[in-house]
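Asker: Sending over a structure as structure tokens; questions will come in a sec.
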Amino acid sequence: MNDWQKKSPLDWETYLNKLVKVAVVEKHEYEGWVLTVDPVSASIVLATFPENEKASMSFIMGHAVQEVQILQEGDDDMKQRLARIFAPEESHAYSPEELEKRKNALKTWLETNHIPVGEQGELGRTLSVAGVLTIDPPYGPEQCSSSNEIILSRVQGLLQGYLDKQH
């Protein structure tokens, strides 16, 4: 076990959001911003930002790390940039009123197309399609759930077509 692997998660935390140079076995070096360190394997996830490109990730196995040198502290802008790497492209927060409107519009559309639909749950927020599929807020294809893959796929396709026509 090397010195890097012997560190504690609290020690590794001091490297987060910092530009580092990592020396590994066979005299290889990697440079990038520390996104995270895996607490089990001590592996380092480095992010780099090539010009005019999306972020690039490097994973350095903990057992190969020989030395980690901090080159630069991360400012608030860099912390935000690193935090956005895994954020969804379009994360949208809906108000309760918007969710109710989306649910009712989808329910009406399903009923118009002769698809049996009802509401379930304490607050009636989940739509139940034919008793074999549920649609949770915000009522998109990703929120569909069913043990029947064929029905799941077909309803997701219908729902995507419905949403495409809405925009």
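Asker: Considering region 39-70 alone, what residues qualify as being at pLDDT below 85 and within 19 Å of the chain's Cα centre (by Cα)?
Answerer: Listed by number, the list holds a single entry, K54.
Each row is one residue, and each column tells you yes or no for (1) free of Cβ contacts under 8 Å to residues at least 40 places away in the same chain; (2) in the same structural domain as Y15 (by the TED database).
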| position | (1), (2) |
| --- | --- |
| V45 | yes, yes |
| Q69 | no, yes |
| H114 | yes, no |
| V117 | yes, no |
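Asker: Related question: Restricting to region 47-65, name every residue that is in a loop (DSSP other than H, G, I, E, B) and either hydroxyl-bearing (S, T, Y) or surrounded by 16 or more Cβ atoms within 10 Å (Cβ to Cβ) (or both).
Answerer: The one that is in a loop (DSSP other than H, G, I, E, B) and either hydroxyl-bearing (S, T, Y) or surrounded by 16 or more Cβ atoms within 10 Å (Cβ to Cβ) (or both): A55.
Asker: Restricted to region 71-87, and to residues that are in a loop (DSSP other than H, G, I, E, B) and more than 19 Å from the chain's Cα centre (by Cα), which residue is farthest from Y15 (Cα to Cα)?
Answerer: It comes out as D75.
Asker: May I ask you to list the residues in region 79-112 that are at pLDDT 90 or above and among the hydrophobic types (A, V, I, L, M, F, W, C)?
Answerer: Matches in region 79-112: L99, A105, L106, W109, L110.
Asker: Just to verify a result, which residue in region 105-128, among those that are among the aliphatic types (A, V, I, L, M) and farther than 20 Å from D164 by Cα, is surrounded by the most Cβ atoms within 10 Å (Cβ to Cβ)?
Answerer: Across region 105-128, the extreme among qualifying residues is V117.
Asker: Would you mind finding the one in I150, I135 that is of a type in the set (A, V, I, L, M) and exposed (fewer than 15 other Cβ atoms within 10 Å of the Cβ)?
Answerer: Every option except I150 fails the conditions.
Asker: Which residues, taken from region 142-167, are outside any helix (DSSP H, G or I) and either polar (S, T, N, Q) or farther than 16 Å from V117 by Cα (or both)?
Answerer: Within region 142-167, S145, S146, S147, N148, H167 qualify.
The values are calculated or read from the model by the stated rules, or taken from the named source; none is laboratory data. Model, not experiment: these values are computed from the prediction. When we count neighbours, we look across all protein chains shown, and the Cβ atoms used for this are built from the backbone with ideal geometry, even at glycine.
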